[in-house]
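Scroll down for the structure; my scribbles are underneath it.
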Amino acid sequence: GCRACVPVCPTQRFFGGPSRQNPREYALGRLQGRVENVDLCVLCTMCQHACPLGIPIPRSLARANAEAARRRGPSLQRLILGNPAPLGRCAAPLASVANLTLTLGPVRALMERCAGIASARPLPPFAGESLPAWFDARKPARNATTGTVAYYAGCYANWHAPGIGQALVRVLERNGIG
């Protein structure tokens, strides 16, 4: 292939390996059954935009993953990492205990063995108060009188770093938007 997708792919260095596989070859390998797991693709669509033919590589990978999940069911890793809201709701009230537990070697080794969550990779700490809880409990600024903004906070801002969303709310309110 032309390999136009290689320089724009954020994860190619992880799946390319010694063969220097490009995203198209990675997807094709999955569809042909040569590559079992395509979780390294983050479905960012950068490869599709770079492809002179516009090959929908991410859509093909998403379909292949969906078909594999239908056959085998979701992995424990996907169940844990793919459902951040229930995990965050459970961890937030006990954030200090949860955060300490997630740094313990035996716990991380067990997570790696059972769910495939790399023990060497640091996990983001849980916040003691989620962004939605903070937002519902706060008193809106008095000077916020005009405009409406929709902010779709992701799971990271909701459960791990609510200060990101809190800062945005304060900036907006300071500028009269509320």
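The values are calculated or read from the model by the stated rules, or taken from the named source; none is laboratory data. Just so you know, these numbers come straight off a predicted model, no measurement behind them. FYI the Cβ positions are ideal-geometry reconstructions off the backbone, even for glycines, and counts take in every protein chain you see. The accessibility values were calculated without ligands, DNA or RNA, using every heavy atom of the protein model including side chains. Shrake-Rupley method; radii C 1.70, N 1.55, O 1.52, S 1.80 Å.
Of the residues ALA85, ALA115, the single one that is of a type in the set (A, V, I, L, M, F, W, C), in contact (Cβ under 8 Å) with a residue 60 or more places away in the chain and surrounded by fewer than 16 Cβ atoms within 10 Å (Cβ to Cβ) is ALA85. Of the set (1) within 20 Å of the chain's Cα centre (by Cα); (2) under 30 Å from ASN175 (Cα atoms); (3) acidic (Asp, Glu), all apply to ASP136 but (1).
I want to confirm something. Restricting to the stretch 41-56 and keeping residues that are crowded, with 17+ Cβ neighbours inside 10 Å and not polar (S, T, N, Q), which single residue is modelled with the lowest pLDDT? Here the residue is CYS41. In the stretch 101-121, the condition of being acidic (Asp, Glu) and either part of a loop (DSSP other than H, G, I, E, B) or more than 23 Å from the chain's Cα centre (by Cα) (or both) is met by no residue. Just one of (1) charged (D, E, K, R); (2) open to solvent by 80 Å² or more (accessible area, probe 1.4 Å); (3) within 24 Å of PRO74 (Cβ to Cβ) fails for GLU129. It is (3).
Just to be sure before I move on: is ARG108 among the basic types (Lys, Arg), modelled with pLDDT of 90 or more and surrounded by 15 or more Cβ atoms within 10 Å (Cβ to Cβ) in the structure I sent? Spelling it out, ARG108 is indeed among the basic types (Lys, Arg), modelled with pLDDT of 90 or more and surrounded by 15 or more Cβ atoms within 10 Å (Cβ to Cβ).
Among the residues of the stretch 144-178, those identified as open to solvent by 40 Å² or more (accessible area, probe 1.4 Å), out of contact with any helix residue (DSSP H, G or I) (no Cβ under 7 Å at 6 or more places or on another chain), in a loop (DSSP other than H, G, I, E, B) and farther than 30 Å from ILE80 by Cα are THR145, GLY147, THR148, ASN175.
Based on this model, can you work out whether ALA141 counts as under 13 Å from GLY178 (Cβ atoms) and surrounded by 15 or more Cβ atoms within 10 Å (Cβ to Cβ)? Considered against the rule, which asks whether it is under 13 Å from GLY178 (Cβ atoms) and surrounded by 15 or more Cβ atoms within 10 Å (Cβ to Cβ), ALA141 comes out as yes.
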